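S.K.: Sharing a structure, written as structure tokens. Questions coming.
The values are calculated or read from the model by the stated rules, or taken from the named source; none is laboratory data. It should be emphasised that the depicted structure is a prediction, and the values quoted were computed from it without experimental measurement. Virtual Cβ from ideal backbone geometry, glycine too; neighbours counted across all protein chains shown.
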Amino acid sequence: MKKHCLILLLALISLCAGCSDEVLDYYDPDVKLFVKQLKSGTYTTRSPEGFVEVPCFTREHIPELLRYVDDLTLIASFPLPPISSYYEGKTRLGECIMWIIESIRMGGYPSLGCKLVYANAESYAGIYFLSDQDVLEAAECYRRWWEYSVYPHTEWTVSPCLDDPLCGSGYRWW
């Protein structure tokens with residue numbers, strides 16, 4: 001009887017250990033875990049200031065982040081800057097990932113909401129948000145930008161659009 005109780009206890013302990021949430025390190029984030037948590041709605045990593053924010057991704061994370069820019073999965077929430085009052089409900093994962101890449105590129109928030117809009121829109125009402133096809137085109141712009149950004153720049157490659165993924169695309173961040 002004691003042997004069965006011991007086996008049952010060990011099984012319960014191992015089951016409970018397997019149920020623990022994976023914790024994302026704010027300063028050394030894992031892209032795959034971040035995406036997994038966004039998709040499942042379980043992302044709760046807090047900055048040192050106590051806000052649920054995007055972790056400290058760096059330029060070294062961009063190749064892995066680019067794997068997700070064409071993912072049109074709708075996610076329930078995304079950790080926007082604490083100063084943002086923007087909330088538009090569900091948003092596309094790939095669009096949010098491009099926003100993170102843009103944040104890395106710029107060294108700060110590209111906008112207070114992770115929505116791409118048409119550059120010459122009359123206003124920024126929901127009707128000006130990009131379609132799925134447009135988001136995929138923007139994703140290609142980011143891939144192309146990254147591909148060219150890793151090559152050395154010479155006087156022959158200088159262009160006003162060299163370091164701006166959305167330059168000439170007709171899209172911008174809102």
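S.K.: Just one of (1) modelled with pLDDT of 95 or more; (2) in contact with a Cys (Cβ under 8 Å, 6 or more places away or on another chain) trips up residue 30, so point out which.
M.R.: Answer for residue 30: the failing condition is (2).
S.K.: If we keep just the residues of segment 118-158 that are among the charged types (D, E, K, R) and loosely packed, with under 10 Cβ neighbours inside 10 Å, which is modelled with the lowest pLDDT?
M.R.: 155
Here's the yes/no breakdown for (1) touching a helix residue (DSSP H, G or I) at 6+ places or on another chain (Cβ under 8 Å); (2) on the phi > 0 side of the Ramachandran plot; (3) at pLDDT 95 or above:
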| residue | (1), (2), (3) |
| --- | --- |
| 56 | no, no, yes |
| 60 | no, no, yes |
| 73 | yes, no, yes |
| 78 | yes, no, no |
| 84 | no, no, no |
| 97 | yes, no, yes |
| 100 | yes, no, yes |
| 109 | yes, no, no |
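S.K.: Here is a follow-up. I need the full set of residues from segment 53-72 which are outside any helix (DSSP H, G or I) and either touching a strand residue (DSSP E or B) at 6+ places or on another chain (Cβ under 7 Å) or among the acidic types (Asp, Glu) (or both), in order please.
M.R.: Of everything in segment 53-72, those that are outside any helix (DSSP H, G or I) and either touching a strand residue (DSSP E or B) at 6+ places or on another chain (Cβ under 7 Å) or among the acidic types (Asp, Glu) (or both) turn out to be 53, 70, 71, 72.
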